[in-house]
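Since the structure comes first, as structure tokens, the remarks are kept for the end.
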Amino acid sequence: MRKNIVAGNWKMNKTLQEGMALAAELNEVLKGAAVNCDVVIGTPFIHLASVAAAVDATKIGVAAQNCADKESGAYTGEISAAMVKSTGAAYVILGHSERRAYYGETAAILKTKVELALKNELTPIFCIGEVLAEREAEKHFEVVKEQIEASLFDLSAEDFGKIVLAYEPVWAIGTGKTASSAQAQEMHAFIRQTLVAKFGKEVADNTSILYGGSCNPANAKELFANPDVDGGLIGGASLKVADFKAIIDAF
Ligand code: PEP
């Protein structure tokens, strides 16, 4: 059966020292705690190796927030999937709306990144989601389906089975405006149906689909109670251990 996952996305926050302190605090809080989901933290690249070495890997998985669309070579400033893997990280967040919007990440680029992540035995947490104008035009289902098809539908069912999806309506990210529980469930059920049609019921049933967008301790329980919502990708609230732990405890 699919896993419930609460994954933090620190974005471009925290110096190395601050990040190490945050990771150590979370590690301490989770020590001996009964937790009913997998916990992941997505740190900046430069934190990965130190954080991965400092936390209990049986309790906290570590994620990069991106990786290159090239394997290796003369790509100044880039970080490959193999490099991410070598830090001890097990996951990589790909296709976040901020990367799509600010860094021109197209569906084709993301397709390559997913393939390289899988080749290097990283679990992609692949983000999809519509902008406000698309929802207002009632195009949200179409947009999300197209994002999945364009980057992930050339994968074999076996490889697709290694992916975690995160539905993040862009209008809800960092805005304090959460999708309603009903809106989240409606979209997650639609996504799962889309996966059934392409990869079959077993793969679809085993795919974890996280919700992201202003998820916080006050709304996590209601969101996660939905049958097709298998956890959350958490931005702002992952930067405070008390809030992140409260979201973890929503399971
Ligand atoms: C995100 O960036 O993935 C996110 C969900 O951010 P926030 O929780 O801050 O809306």
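The values are calculated or read from the model by the stated rules, or taken from the named source; none is laboratory data. In this text the structure is predicted, and so the values were computed from the model without any measurement. Here the Cβ is made from the backbone with ideal geometry for all residues, glycine too, and neighbour counts use every protein chain on show. Accessible surface areas use protein heavy atoms only, side chains included; no ligands, DNA or RNA. Shrake-Rupley method; radii C 1.70, N 1.55, O 1.52, S 1.80 Å.
Which one of ALA218, ALA182 is open to solvent by 40 Å² or more (accessible area, probe 1.4 Å), more than 15 Å from the ligand (Cβ to nearest atom) and either in contact with a strand residue (DSSP E or B) (Cβ under 6 Å, 6 or more places away or on another chain) or of a type in the set (Gly, Ala, Ser) (or both)?
ALA182
Please tell me if ALA246 is crowded, with 18+ Cβ neighbours inside 10 Å, within 14 Å of the ligand (Cβ to nearest atom) and among the hydrophobic types (A, V, I, L, M, F, W, C).
Against the criterion (crowded, with 18+ Cβ neighbours inside 10 Å, within 14 Å of the ligand (Cβ to nearest atom) and among the hydrophobic types (A, V, I, L, M, F, W, C)), ALA246 does not qualify.
For region 90-149, enumerate the residues that are of a type in the set (Ser, Thr, Tyr), touching a residue at least 24 places away in the same chain (Cβ under 8 Å) and farther than 14 Å from TYR167 by Cβ.
TYR91, THR112, THR123
How do the pairs read when you match residues in region 35-46 that are farther than 11 Å from ILE93 by Cβ with residues anywhere that are of a type in the set (Phe, Trp, Tyr) and surrounded by fewer than 24 Cβ atoms within 10 Å (Cβ to Cβ), using Cβ under 7 Å and keeping only pairs 6 or more apart or on different chains?
Taking only residues 6 or more apart or on different chains, the pairs are ASN36/PHE251; CYS37/PHE251; PRO44/TRP10.
Is it the case that region 168-178 has a residue that's at pLDDT 95 or above and hydroxyl-bearing (Ser, Thr, Tyr)?
No, because not a single residue in region 168-178 is at pLDDT 95 or above and hydroxyl-bearing (Ser, Thr, Tyr).
Output the number of the condition that ALA242 fails; it satisfies all remaining conditions of (1) over 18 Å from the mean Cα position of the chain (by Cα); (2) farther than 16 Å from TRP10 by Cα.
So the condition that ALA242 fails would be (2).
Quick one: LYS162 ticks every box in (1) under 15 Å from the mean Cα position of the chain (by Cα); (2) among the charged types (D, E, K, R); (3) more than 14 Å from the ligand (Cβ to nearest atom); (4) surrounded by 18 or more Cβ atoms within 10 Å (Cβ to Cβ) bar one, so which box is it?
(4)
Among the listed residues ALA34, ALA82, identify the single one that is open to solvent by 10 Å² or more (accessible area, probe 1.4 Å) and not in a loop (DSSP other than H, G, I, E, B).
ALA82 is the lone residue from the list that is open to solvent by 10 Å² or more (accessible area, probe 1.4 Å) and not in a loop (DSSP other than H, G, I, E, B).
Just checking, which of GLY231, GLY236, GLY212 is within 13 Å of the ligand (Cβ to nearest atom) and on the phi > 0 side of the Ramachandran plot?
Answer to the check: GLY231.
Return the residues of region 159-208 that are touching a residue at least 12 places away in the same chain (Cβ under 8 Å) and charged (D, E, K, R); say none if nothing qualifies.
ASP159, LYS162, GLU168, LYS177, ARG192, LYS198, ASP205
Counting only residues that are β-branched (Val, Ile, Thr) and open to solvent by less than 10 Å² (accessible area, probe 1.4 Å), how many does region 90-144 have?
Total meeting the criteria: 6.
Where the second residue is in a helix (DSSP H, G or I) and within 16 Å of the ligand (Cβ to nearest atom) and the first is open to solvent by 70 Å² or more (accessible area, probe 1.4 Å) and lies in region 4-30, which pairs have Cβ atoms under 8 Å and are six or more apart or on separate chains?
LYS14/LEU22; LYS14/LEU239; GLU25/VAL241
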